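Below is one structure, written out as C-alpha cells, with a few remarks after it.
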Amino acid sequence: MKTYNKLFIGILVPVLMLTAIWSSKGTTYNTETIASPFLAVAADTSKKDSLRYPFTEEQTDRLNLHKSKFYLKDPDNIKTTIELNPETNEYDVKQTIGNMNYRPPSYMTLEEYQEEEFKKALLKNWRDRMASDDKGKKKSFQPRINIPGELGDKIGPIDIRPQGSAELIFGGNFMRTQNPALPIRQQKVGAFNFQQKIQMNVVGKIGDKIQLQTNYNTETGFSFDNKVNLKYEGKEDEIVQLVEAGNVNLPLTGSLITGSQSLMGIKTKLKFGKLTATTIVSQQQGDRKSITVQGGAQTTPIDISAANYDANRHYFLSQFFKDQYDRSMASLPNVTSPFNVTRVEVYITNRTYATTNVRNIAAFADMG
C-alpha cells in the first residue's frame with residue numbers, strides 16, 4: 001500500500017509542473033490600469049489670466065470695424081487677405097504672419113462681404129467729413145444757425161461764440177461748543193457756504209452788419225464793468241453808418257471838450273455826403289468811494305442820531321446813558337445832554353470762522 005502511494009505522488013508532481021509551465025507560455029496578461037475614483041488628480045499648475053476683464057478673440061468682426069480703443073492695433077507683420085473662392089462662391093478671410101496662419105481661416109458670403117464693405121466706407125466717410133470740418137478750427141462750443149429762404153439770404157448766418165468759465169463751490173461749516181454758559185441752541189452753530197465764480201464773454205454775429213458782445217464777471221469790483229454792446233455797422237455808401245446800444249463811449253479829438261467813457265445809452269452815426277453827424281443819448285455810470293486808513297486799520301465815519309432807533313435792535317451803551325436819556329430828550333428837538341460820544345468800539349462775533357486779523361475780547365453786559 002505504501003508503494004502505491006509513493007508511486008501516485010511521484011506521477012502527480014511532474015504533471016502539475018508541466019501544467020504550470022504550459023499555462024505560463026500560452027496566457028497573456030492585460031497591463032492597462034483602470035482609473036480609480038479614489039485616486040487624487042494632480043492640480044493644474046498653469047498660470048491663469050490675471051485680468052479682471054480678459055480680452056477675447058472676436059471672429060465676427062473680421063475687418064476691425066467695431067474694435068474698441070482699449071485694444072491695441074495689430075502689428076504690421078500681421079496681414080489680412082480676402083480672396084474670392086470661385087468654387088464655393090465665397091470670400092476666404094486669412095490672417096497670416098509670413099507663411100503661417102495667425103488665426104484660423106474663415107469665410108464670408110457675398111452678402112456679408114458687401115455689408116462689411118458698406119459699413120467700412122460709411123465710417124470712413126464720416127471720419128473724413130469730421131476731419132474736414134474741424135480742420136483749422138478750435139474745438140469749442142460755437143453754434144452756427146442758418147436761416148433758410150430769402151430772409152436768410154438778406155440777413156446772413158447767425159454765429160455765436162461763447163468763451164469763459166464757471167465755478168461753483170458748495171460747502172458747509174458746522175461747529176459744536178460744549179459750554180454750559182451758552183444756551184443749547186447756541187452750542188451748535190452751522191452755516192452753508194455757496195460761492196459762484198463766472199467769467200463769460202459772448203460774441204454773436206448776424207451776417208456782417210450786426211454784432212453783439214457781452215462781458216460778465218462776478219469777481220469784478222463794480223457793476224458797470226459788466227458790459228453789453230449791440231452794434232450795427234452799415235456799408236460805406238449807406239446813410240446809417242453806425243448804431244450802438246448798451247455800453248458806448250464818445251471819444252473826441254479836441255482838447256477843449258473831453259470825451260466820455262462808460263456810458264449807457266444809444267449812439268448813432270449818420271453820413272450825408274461829406275457831412276457826418278454823431279448823436280449819443282446816455283447816462284454816465286460811476287462810483288466814488290473815500291477810504292481812510294489810520295494805523296493799519298480802516299476807519300469809516302458814520303453819523304447816527306440817538307432818536308433813530310428800533311425796538312429790540314438798538315440798545316444803550318451803558319446804564320448811565322439809559323438814566324440820562326429821558327432828561328436829555330425832554331426838550332426835543334433840542335438835545336440837552338452835556339456829553340458827546342466821540343469814539344465807540346464795536347466788536348462783531350466771528351461767525352465766519354475767520355483766522356486772520358482776529359482779536360480775543362472779554363466783554364461784560366449788564367442786562368438788568
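What follows is calculated from the coordinates using simple rules that are stated; it is not laboratory data. Bear in mind the structure is a predicted one, so any value in this text is a computation, not a measurement. Don't worry about glycine lacking a Cβ; one is built from the backbone with ideal geometry, like all the others, and counts go over all protein chains shown.
Any chance you could list the semi-axes, whole Å, largest first, of the equivalent ellipsoid that the Cα gyration tensor gives for region 78-132, using √(5λ)?
26, 17, 7
Suppose the chain between Leu250 and Gln213 were pulled fully straight at 0.36 nm per residue; how much longer would it get relative to their current alpha carbon spacing?
Here the segment from Leu250 to Gln213 would lengthen by 11.5 nm.
What are the ³J(HN,Hα) couplings of region 171-178, residue after residue, when phi is run through the Karplus curve with 6.51, -1.76, 1.60 and θ = phi - 60°? Round to Hz, x for glycine and proline.
Result, ordered by residue: x, x, 10, 10, 9, 10, 10, 8 Hz.
Expressed in nm to one decimal, what extension gain is obtained for the pair Phe339 and Met130 from 0.36 nm per residue of sequence separation less their Cα-Cα distance?
Difference between extended and current length: 67.0 nm.
Please list the non-local residues whose amide H lies under 5 Å from the amide H of Lys227, H modeled 1.01 Å from N, same-chain partners needing a gap of 5 or more.
Excluding prolines and chain starts, which carry no amide H, the hits are Asn215.
List Thr258, Thr218 from most exposed to least, where exposure is judged by having the fewest other Cβ atoms within 10 Å.
Thr258, Thr218
Given H placed 1.01 Å from N in the peptide plane, which residues other than close sequence neighbours of Arg103 have an amide H under 5 Å from its amide H?
Those lying under 5 Å, H to H, from Arg103 are Gln95.
Describe numerically, in nm with one decimal, the distance between label points set 7 Å from Cα along Cα→Cβ at Lys269 and at Val228.
2.4 nm
Mind giving me the nanometre distance, one decimal, between the label points for Arg161 and Tyr53, set 7 Å out from Cα along Cα→Cβ?
Taking the simple label geometry, Arg161 and Tyr53 are separated by 3.9 nm.
Can you compute 3J(HN,Hα) from phi for each residue in region 231-248, using the Karplus curve 6.51 cos²θ - 1.76 cosθ + 1.60 with θ = phi - 60°, rounded to whole Hz and x for Gly and Pro?
Residue by residue, region 231-248 yields 10, 10, 10, x, 7, 5, 9, 9, 6, 7, 8, 7, 9, 10, 9, x, 7, 10 Hz.
Using the C-alpha atoms of region 230-285, what convex hull volume per residue, in cubic angstrom, is computed?
Per residue, the Cα convex hull of region 230-285 comes to 79 Å³.
Pairs Lys94/Lys124; Lys79/Lys120; Lys231/Lys271; Lys267/Lys289; Lys197/Lys231; Lys209/Lys267: which are spaced more than 20 Å apart, C-alpha to C-alpha?
Lys94/Lys124; Lys267/Lys289; Lys197/Lys231
Would you kindly derive the ³J(HN,Hα) couplings of region 84-90 from the backbone phi angles with the Karplus curve 6.51 cos²θ - 1.76 cosθ + 1.60 (θ = phi - 60°), listing them in order in whole Hz, with x for Gly and Pro?
Taking θ as phi minus 60°, the curve returns 7, 9, x, 6, 9, 6, 10 Hz for region 84-90.
Testing the spin-label approximation: label points 7 Å from Cα along Cα→Cβ at Ser328 and Val293. State their distance in nm.
3.4 nm
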